[in-house]
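> After the structure tokens below, expect a handful of questions from me.
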Amino acid sequence: MGDLRASTTTARDNGPARPRRKASITLRLVMMQGIIVLMVATIIGVASYRVMVSHFKVVQESETRAIANSVASLVGNDVKGMGEVVEQLAKGEAVAKYYRSFSPATLAQAFTVHNNLFPEITYANALGEEEVKLRQGDLSSDLRDIGRSESYNQAERTPNKVIISTAQISSVLGQPIITLSYRYHNYFDQFLGHIQASLPLSHFDQVIKEIELDNNVYVVLVNAEGEILHAPDARWLGKPFKTTDTDLALVGAAPATTTVLGRYRLLGSDTVVTRATVPNLGWSIFVAIPAATYFGPTKDLTHAMVVVGLIALLIGLVVAYLFAHSLAQPIKLLTRATSEISAQGSLTERVQWQSADELGELAHSFNQMLDQLARSQTDLLDARHEVEDILRSMADCLMVVHPDATIIKVNDATIRQLGYSEEALIGMPLDTLIADDKGLFRAVLASDLATDDRMSSIETTLITRDQRRIPVVFSRAPMVDSNGKKRGVVFVARDITDRKRAEEHLHYLANHDALTGLPNRLLFLDRLSQAMSRLPWHDRTVALLYLDLDRFKTINDTLGHDIGDLLLMGVAERLSKCVRDGDTVARLGGDEFVILLNDINKRSDVEVVAEKIIRSLSVPFELAGEEFVATTSIGISQYPEGGEDPHILLKNADTAMYRAKESGRNTFKLYAAAMNEKAMEALRMESAIRHGLDRHEFILHYQPQVSLESGRIIAVEALIRWQHPEEGLVPPFKFLPVAEETGLILPMGEQVLYMACRQAAQWLQAGRPLKVAVNIANRQFKHINLPQLVSKVLDETGLPPELLDLELTEGILMDQVDKAIKTLESLRQMGVSLSLDDFGTGYSSLSYLKKFALDTLKIDRSFVMDIPIDRDDVAITRAVVEMGRSLGLEVVAEGVENVEQLLFLKQLGCQSMQGFYFSKPVAAAEIEEMLRTGRAIDTSSGQLILM
Amino acid sequence: MRFIYLVLLLLLGANGVRAETLVIAGTGDSQNLLRRLAPTFESQHPGVTVKIPDSIGSRGGIRAVTAGQADLGRTSQPLQPSEATGLVEYRFAISPIIFVAHPSVERVTNITSAQIVDIYAGRIDNWSQLNGPRHRLYAVDREQGDSSRSVLESKLAGFAVLKSTAKIFFSTPETVEALVHNPYAFGYLPLPEVAQTDIKQLSVEGVNASTENVISGRYPYTTDFYIVSKGGAVGSAQAFINFLYSEPAKKIMRELGAVPVDK
């Protein structure tokens, strides 16, 4: 643990260096605030400046437009008024009167009224000749022809309308003027006169003067032709507007609305120009405001804004400093406290600061954190002591191994168990303590450190100081520092000596026979495999001797297992003595032993051993005070003739042993290939039967039983046939023995029962009730619950039990008499009738027969075959018939092939018969045909007839 | 007003002169007719001078008679009940109101009542719309209350309600003047006022204002001419009234297009 502390110190030394303080928080806060204030001030300043400037602009423009509008409407009204004056003159009585009576005096008088306004007024006739002219108050004789003047022609084209001429210099009046003309046509479009009045342009000075314009603001009036009608300086009057130094953009069609055009040099001055249109005249009013006047307020505003902005910035910075200072104070305190703690490691320091803000909370939390740290430190020390205690109390060895494989820490158990002192162990490479492959161990360690794979346990052996070997299982865990780097591996070694011992024992048990101590099948096969695996390199071979004790079962059953066991142990002992050291004697189970002979040179060697064994066992065993002779049958198989695989070799030895048994016991037989063919045929047949059952290839044929009293068919016997898809109809003797042997007779028998019952039920439904007899095989009777099966089949097929007859053989009944009695009884109670088949072939005794609940005896065909010629058979048949009669049983003769047999049997009193004479076994349809045609036997002649 | 002034002067002057003067003031409608009848009467009654002053309108005539400023009044409308007090009226002629065009208007001889309405409503303002010359049509109208206009308002469908766009003249002589002197002018008048001018009469709906048509009623636009006296007319006034029903007077009336009636 001292190391751990040392490493902590190292971490601190290597930690990041304390940053040099470049700028205080106060300065940074002030800068930040300053920037914010500056930005806000700038944004607000710019925004408001823009708003105000645009407001100013709007106000000024609207004022300017208002001026322009009022000038325009003033001029418009004035000109309209003057036009009306001229119009009234033209339409007036004076003109009408002059037109009728040519009295110039009246006209002149009318003209005089307007002398002030118009210095010259003239009346022209329809030809354009002036007839009456008033000039500056006097009738003028300077009458001219104005018929070709533009304004006269225009008035001619549009009479009854005021026509205003372009500007012109009146030579007579000596100043620029415009003229207003009115040509009057009365209702009947009659010309009454043309009045033309001259208006000096100076007139507009008076008009525009009515609007009191500010200093420097002036107005330029321009007519539709672009001539200046009014200007601040009289020298511009009548001049074309475009010849001035004004931007040409100002000239052109008068705009519909009054517009502030912008900044232009107008008539030589830098001005802001606004243009308005005089209503109905197409004249333009240009109001010019000197640029200095126009933009003055905006400039003042700009200055004011800059000053206010700077003041605001200054105030902002001062406030920022004060604010930053108040924020930074507690941070300084915290910084100082932290520095002191890190410098001195003392956790008793506390920050003295209280405020209601986050900084107050920070100071409080900091103090709490210190409390917490102090507590954690104590807890850590406690935990460390606890760990030490736990390690000390551990029974398992604990070793911390450095990546260089040296031990850096051990616990007490390690010291105790290995016998080294702690000092000796620290620094010792761990692999010097390991008995196994040291290179492998180092590789494991390297892999542990390199990968994050889960570390599995390793079983190995530790060597103690006094060279004792302790089997252990190492569990490992990486030691990871706080950076996730592996600093080593913790090894915990558990002593597994006891477990190892138990494992070895288990292994022994698993491989040996508990009774005899001989290797068991497992170990034997293992050794056999090993022996065979060596064969390719030797010119020798191996042989197996498979043997079992003859009649061992009898000994076991009659004398008890203890004696049997003693015998087996004795046999084992003798067998072991019969073989060489390198050979193996194993017990496979029961009374079966097998011997592996290694390094066999020739077959005779094996036979020598076999004979030796037989001889050895022929010496009687003395068991429990009695002598026993154990004979054995030995099967021998030899590599490679007897098989090239351990299992086949063993199996063939087994086969050979059965041949030995078959050929008389207490002998040996060498395995030959032919031995297996019979078994193979049986296997093929078994497989074919299974398929046949699955595919329902088995069918039933029925042989009628005929009453010798009525001559009619009274029952049928169901007989199985195999309709093989490839081999055609397979005779029963070929498959039934295999079916019996393999147990397939059980499913087959069940199928037969179902088929027979189903057929009989069909006949019953068709109105031809016919009893069906079904043969029951030995195994069926023995291994299944026959009554239960029968009951189920009857239920499912709906066949009444009295229409079912079960045929059993003597052998079945005699095998287990008591059970047979019970079974027959329960079948009988169900209502099923029972027949004893093949009667006479076995050794049934009359006493047994009486015990069985039978209904019918069937005389075997072997007896019937030779009657009435063979006297013995006749005697037996007669006896059977009589016995049946005395027991109240019906007797059926089987295998009746001719009329002589039939008549003889009838004569004997046999009630019914079946056989080729009447019909061979046929398909169900043919039975129906017989019933339909009424096939029968004439009971007196024995001839076949149709009834 | 100056006409009344003139009448007063004449009346004052009559006191000092032996010769008797018969003043008949009133409507302009029958002004021309009476002026043409007066010489015949004067020749039958030497010493009696018949003065037919310029029109002061039917109403003016009634007021002048009532006030004793005129011996007889000439009207073209029957007396209203309010006016009838002490006055006696004598219907002496039926005058057709005719539609006329200035002689400068060629090809147009007939006009329909619908066309008349269209002309005064301003919908027809060119003679070409009446198959006449391509020239502007100058419609001449009379003021509201004029007897000719009243006849049209009551008998010409649509005339009463139209808003006239035509030039309105306020007396029959002025109307005659306007129609006679202004080419392409169109208007309406009592026939006797223009009977012997070269103004062009237009038939209406194919019916002209012949005596027969007036009597039969086929020409519907007619006005009655009356002479009004204060109480029973006596002396020369009585003689003048009787004269109006005499054959020589009737002959003159017929010549001027009016239809004389019996007393």
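What follows draws every value from the coordinates through simple rules; no lab data is involved. All values reported here derive from a predicted model rather than from experimental measurement. Positions of Cβ are generated from backbone atoms using ideal geometry, with glycine treated the same way; all protein chains shown enter the neighbour counts.
> Give the long-range amide H neighbours of B:Ala185: residues separated by 5 or more places, or on another chain, with amide H under 5 Å away, using H modelled in the peptide plane at 1.01 Å from N.
When sequence neighbours closer than 5 places are left aside, the close amide H contacts are B:His102, B:Tyr138.
> Still on this model: Applying the Karplus parametrisation 6.51 cos²θ - 1.76 cosθ + 1.60 with θ = phi - 60° to the phi angles of the range B:207-216, what ³J(HN,Hα) value in whole Hz is obtained for each residue in order, glycine and proline being reported as x?
With coefficients 6.51, -1.76 and 1.60, one gets 10, 9, 8, 6, 4, 4, 5, 5, 5, 5 Hz.
> Between A:Gln907 and A:Gln88, with labels modelled 7 Å along Cα→Cβ, what's the label distance in nm to one decimal, could you check?
Calculated label separation equals 18.3 nm.
> On C-alpha positions alone, give me the angle between the axis of helix A:899-908 and the longest principal axis of chain A, in degrees, nearest 10.
Approximately 70 degrees, to the nearest ten.
> Cβ under 15 Å from A:Arg603's Cβ, A:Arg603 left aside: what net charge do those residues give with Lys, Arg +1 and Asp, Glu -1?
-2
> Which order, highest average first, do A:742-753, B:230-241, B:119-130, A:136-147 follow once you tally other Cβ atoms within 10 Å for each residue and take the mean per peptide?
Working: A:742-753: 19.2, B:230-241: 15.8, B:119-130: 17.4, A:136-147: 12.9.
Sorting A:742-753, B:230-241, B:119-130, A:136-147 by mean packing, highest first, produces A:742-753, B:119-130, B:230-241, A:136-147.
> What number comes out for the charge environment of A:Ala923, summing +1 per Lys or Arg and -1 per Asp or Glu over other residues with Cβ under 13 Å away?
On the way: positive: A:Arg721, A:Lys920; negative: A:Glu926, A:Glu928, A:Glu929.
Charge balance near A:Ala923 sits at -1.
> Residue separation times 0.36 nm, minus the C-alpha to C-alpha distance between A:Val40 and A:Arg28: what's the value?
2.5 nm
> Turning to a different aspect of this structure: Which of the helices in chain B, when you take each full DSSP H run, stretch at least 18 Å along the axis at their Cα atoms and have an average Kyte-Doolittle score of 1.6 or higher?
B:2-15
> Take peptide A:176-189, look around each residue's Cβ out to 10 angstrom, count Cβ atoms belonging to other protein chains, and average those counts.
Average per residue, whole number: 2.
> While we're here: Say each of A:Gln368 and A:Val318 gets a label point 7 Å from the Cα, pointing the same way as Cα to Cβ; how far apart are those two points in nm?
For A:Gln368 paired with A:Val318, the spin-label model returns 4.0 nm.
> Follow-up question, since we're still on this one. Could you calculate the FRET efficiency of A:Ala234 with B:Arg134 from 1/(1 + (r/R0)^6), where r is the beta carbon distance between them and R0 is 60 Å, rounded to 0.05?
0.70
> Can you give the FRET efficiency for A:Asp870 and A:Tyr658, using 1/(1 + (r/R0)^6), R0 = 30 Å, r = Cβ-Cβ distance, to the nearest 0.05?
For A:Asp870 and A:Tyr658, the calculated efficiency is 0.15.
> Still on this model: Lys and Arg at +1, Asp and Glu at -1: add these up for the other residues within a Cβ distance under 15 Å of A:Gly76 and post the number.
Working: positive: A:Lys80, A:Arg275; negative: A:Asp78, A:Glu84, A:Glu210.
Around A:Gly76, the surrounding residues sum to -1.
> So if each residue of separation counts as 0.36 nm, and I subtract the Cα-Cα distance between A:Glu459 and A:Asp539, what length gain in nm does that give?
24.7 nm
> Taking only Cα atoms, what is the 0 to 90° angle, nearest 10, from helix A:817-830's long axis to the longest principal axis of chain A?
Between helix and principal axis, roughly 60 degrees.
> Can you list residues from other chains, or at least 5 along the same chain, whose modelled amide H is less than 5 Å from the amide H of A:Phe621?
Counting only residues 5 or more places away or on other chains, the set is A:Phe628, A:Val629, A:Ala630.
> For B:Glu177 and A:Ala256, what does the FRET efficiency come to when R0 = 56 Å and r is the distance between their Cβ atoms, rounded to the nearest 0.05?
The value I calculate is 0.70.
> Two decimals is fine: what is log10 I(q)/I(0) at q = 0.09 Å⁻¹ for the protein assembly as shown, from a Debye sum with one equal scatterer on every Cα and no solvent?
Once normalised to I(0) and log-transformed, intensities are -1.19.
> Going by alpha carbons, how many degrees (0 to 90, nearest 10) lie between the helix axis of A:603-618 and the longest principal axis of chain A?
60
> Which whole-Hz couplings ³J(HN,Hα) result when phi for each residue of the range A:340-351 is put into the Karplus expression 6.51 cos²θ - 1.76 cosθ + 1.60, θ = phi - 60°, listed in order with x for Gly and Pro?
Result, rounded to whole Hz: 5, 5, 6, 6, 9, x, 7, 9, 8, 4, 9, 8.
> Let me ask another. For peptide B:177-184, compute the average count of partner chain beta-carbon atoms within 10 Å of each residue's beta-carbon.
That works out to 2 on average.
> Taking amide H positions as placed in the peptide plane 1.01 Å from N, state which residues far from A:Glu131 in sequence (5 or more) or on other chains have amide H under 5 Å from it.
It is A:Tyr123, A:Ala124, A:Asn125, by chain and number.
> Tell me what chain A gives for mean residue ellipticity at 222 nm when only DSSP H runs of n ≥ 4 count, each as -39,500 (n - 2.57), the sum divided by the residue total, rounded to 500 deg cm²/dmol.
Details: 29 runs with 452 residues, N = 947.
It lands at -15500 deg cm²/dmol.
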